[in-house]
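**Q** Quick one: this structure, given as structure tokens, is what I'll be asking you about.
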Amino acid sequence: MSGLEVTEVSHGYGAGTGRVEVLHGVSLAVAPGELVALAGPSGSGKTTVCHLAAGFESPERGAVLVEGRPAAGIADWAVVAVVPQQHGLLAGLSVEDNICLPAHRAGVDPTEAFARLTEALDLGAFTRRGVAETSLGEQQRTAVARALVLSPRLAVLDEPTGHQDDDHVAQVVAALAATARAGSAMLVATHDQRVWEVADRVVRLDDGRVAP
């Protein structure tokens with residue numbers, strides 16, 4: 001299938017007595033047009049799954065494929081776009097430039113998507129500000145807009161509502177759901193029940209394993 005396929009992935013960090021096994025035989029899939037919430041307590045392995053799906057790391061055992069290709073070999077934000085917990089914005093650029101950067105790199109006109117996303121995510125009042133001059137919540141919504149600007153085949157978002165008040169949580173959730181309905185596969189690691197409620201499925205991790 002297209003979208004994301006994680007098959008029998010085991011992964012850890014360190015060596016010898018300092019070795020920590022984080023994932024144990026994890027399998028999950030996210031189809032195009034589907035929003036899957038990844039739930040579980042802190043330390044359950046959600047961020048590691050996100051890093052593998054985003055291609056930041058290669059799995060030690062098993063396979064992580066996006067559109068049938070190893071995720072770690074993909075460097076195209078039209079295929080895989082990411083919102084990491086630390087947001088990954090470029091501090092020297094404005095909010096607008098951060099959002100539009102993937103489109104400019106791809107040679108795509110971002111005007112329509114930029115206008116739609118800045119309205120949907122309540123960013124219109126400060127698109128000209130340097131991103132370092134905005135709040136953590138505004139930075140997080142900027143990172144979400146950047147991830148969605150190319151309507152990627154897969155979007156991987158790690159706790160994308162963590163710095164939002166209730167009104168802005170609703171806006172982020174609505175933007176993610178709309179992008180999924182338009183055909184993107186969406187993997188969202190979150191503790192937020194409001195994301196779980198709009199997800200097509202909730203996959204729960206417990207101690208690095210998919211819970212039954």
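**Q** Once all Cα-Cα distances of segment 1-144 are split into 10 Å bins that start at 0, what whole-number percent is in each one?
**A** The calculated distribution, bin by bin, is 11, 33, 32, 20, 4, 0.
**Q** Where both residues lie in the chain, what percent of DSSP beta bridges are antiparallel, nearest 5?
**A** In the chain, DSSP labels about 50 percent of beta bridges as antiparallel.
**Q** In the chain, carbon and sulfur make up what percent of the accessible area (probe 1.4 Å)?
**A** 51
**Q** So, one more: How high is the FRET efficiency from Val108 to Trp196, r the C-beta distance, R0 30 Å, rounded to 0.05?
**A** That gives a FRET efficiency of 0.40.
**Q** Further question on the same structure: To the nearest 20 Debye, how big is the dipole of the chain about its Cα centre, given +1 on the beta carbon of each Lys and Arg and -1 on that of each Asp and Glu?
**A** For this selection, approximately 360 debye.
**Q** Keeping every protein chain present and rolling a 1.4 Å probe, give me the accessible area per residue for segment 115-199 in Å².
**A** 40
**Q** Hey, what's the Kirkwood Rh for segment 63-147 if you take every pair of different alpha carbons, in angstrom?
**A** 13.5
**Q** Run the dipole for segment 117-168 about the Cα centre, Lys and Arg Cβ at +1, Asp and Glu Cβ at -1, nothing else charged, and hand back the magnitude in debye, nearest 20.
**A** Once rounded to the nearest 20, the dipole reads 380 debye.
**Q** For segment 83-212, what is Rg from Cα atoms divided by 2.2 N^0.38 Å, rounded to two decimals?
**A** Segment 83-212 yields a ratio of 1.04.
**Q** In percent, how large is the relative contact order of the chain, given Cα pairs closer than 8 Å and 6 or more residues apart?
**A** For the chain, the relative contact order is 32 percent.
**Q** Name the residues whose placed amide hydrogens come within less than 5 Å of the amide hydrogen of Val210, ignoring near sequence neighbours (fewer than 5 apart) on the same chain.
**A** Ser27
**Q** Expressed as an acute angle from 0 to 90° and rounded to the nearest 10, what is the orientation of the C-alpha long axis of helix 166-181 relative to the principal long axis of the chain?
**A** Long axis of 166-181 versus the principal axis of the chain: about 70 degrees.
**Q** OK, next. Residues with beta-carbon under 12 Å from that of Ala115, excluding Ala115: net charge, scoring Lys, Arg +1 and Asp, Glu -1?
**A** Here the charged neighbours net out to -3.
The values are calculated or read from the model by the stated rules, or taken from the named source; none is laboratory data. Predicted, not measured: the structure shown is a model, and the values here were computed from it. Cβ sites come from the backbone with ideal geometry, for glycine too, and all protein chains shown count toward neighbours. These accessible areas exclude ligands, DNA and RNA; they are computed on the full protein's heavy atoms, side chains included. Shrake-Rupley method; radii C 1.70, N 1.55, O 1.52, S 1.80 Å.
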